[in-house]
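Some notes on the structure that comes next.
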Amino acid sequence: MSLSRISLNLFFLLILSLATIQPLQAQEEAIKQEFTDYYELIRNQEIDKAMDYIPEEFFDLFPRETMVAAMKQVFNTPGLEFQFGPLTITEVTTPSLMEGKWYAILNHIGEMDMKVDSPEDSTATEADKQMYQEIMMNAFEEQFGEGNVNYDTETQFYHINALKRAVAIS
């Protein structure tokens, strides 16, 4: 096979690869944008609108009204305060076709600051409050991973880097 023939074959392979990559990149960007839109709605506590991004099949297991009520309850729990930071999407896997639907895994980091009021007790000492803070810190580290939680003694907020996975379905 001549060098020009090999070059021509490589050129066609490159064109075919680019034709395949371009739609995949567009899919990845669409997945990122949709998830970012969803995250911003949650961040702004627009729970009803955020549920529009959840596949309808999910609501067969957990009714939409129940999900909305539960999320609103969390945001409105007395003694619990949330502040959401920026979203960082670290990876979107190549979408796979299964049973007529496309699936992709989206790995992301959501920053969150959370303040949990310690129990108000007139007999609570500073040592009791410190112990409560340590118990909360341990619980958050167990849930979000060691090194992903910091406590600011001045503001009394826990800063959490929540490493999570989501599944995109289309």
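The values are calculated or read from the model by the stated rules, or taken from the named source; none is laboratory data. Values in this document were obtained by computation on a predicted structure and should not be read as measured data. Please note: Cβ atoms are built from the backbone with ideal geometry, for glycine as well, and neighbour counts cover all protein chains shown. Just the protein is used for accessible areas: all its heavy atoms, side chains included, with ligands, DNA and RNA removed. Shrake-Rupley method; radii C 1.70, N 1.55, O 1.52, S 1.80 Å.
The table that follows gives values for the structure above.
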{"quantity": "Any hit, segment 126-146, residues being in contact (Cβ under 8 Å) with a residue 24 or more places away in the chain, loosely packed, with under 11 Cβ neighbours inside 10 Å and at negative phi", "calculated": "no"}
{"quantity": "Helices (runs of 4 or more DSSP H) completely within segment 38-119 that count 1 or more residues being under 17 Å from the mean Cα position of the chain (by Cα), of a type in the set (Gly, Ala, Ser) and buried (at least 16 other Cβ atoms within 10 Å of the Cβ)", "calculated": "47-50"}
{"quantity": "Matching residues, segment 52-88, being closer than 20 Å to residue 109 by Cα and out of contact with any strand residue (DSSP E or B) (no Cβ under 9 Å at 6 or more places or on another chain)", "calculated": "53, 54, 71"}
{"quantity": "Residue in segment 106-114 that is in contact with a strand residue (DSSP E or B) (Cβ under 9 Å, 6 or more places away or on another chain) and of a type in the set (S, T, N, Q) present", "calculated": "yes"}
{"quantity": "Failed item, numbered, when residue 35 is tested on (1) assigned to a helix (DSSP H, G or I); (2) open to solvent by 60 Å² or more (accessible area, probe 1.4 Å); (3) not small (Gly, Ala, Ser)", "calculated": "(2)"}
{"quantity": "Residues of segment 41-54 that turn out to be over 14 Å from residue 65 (Cα atoms) and touching a residue at least 24 places away in the same chain (Cβ under 8 Å), as a count", "calculated": "3"}
{"quantity": "The listed residue being out of contact with any Lys or Arg (no Cβ under 9 Å at 6 or more places or on another chain), among the aromatic types (Phe, Trp, Tyr) and assigned to a strand (DSSP E or B), out of 132, 158, 151", "calculated": "151"}
{"quantity": "Residue satisfying all of: in segment 155-168; of a type in the set (Val, Ile, Thr) and open to solvent by 30 Å² or more (accessible area, probe 1.4 Å); farthest from the chain's Cα centre (by Cα) among these", "calculated": "155"}
{"quantity": "For residue 146: the one exception among (1) out of contact with any Ser or Thr (no Cβ under 9 Å at 6 or more places or on another chain); (2) not in a loop (DSSP other than H, G, I, E, B)", "calculated": "(2)"}
{"quantity": "Any chance residue 152 is more than 30 Å from residue 58 (Cα to Cα), surrounded by fewer than 15 Cβ atoms within 10 Å (Cβ to Cβ), of a type in the set (D, E, K, R) and at pLDDT below 85", "calculated": "no"}
{"quantity": "Filter result (part of a strand (DSSP E or B) and either within 16 Å of residue 80 (Cβ to Cβ) or among the hydroxyl-bearing types (Ser, Thr, Tyr) (or both)) within segment 161-170", "calculated": "162"}
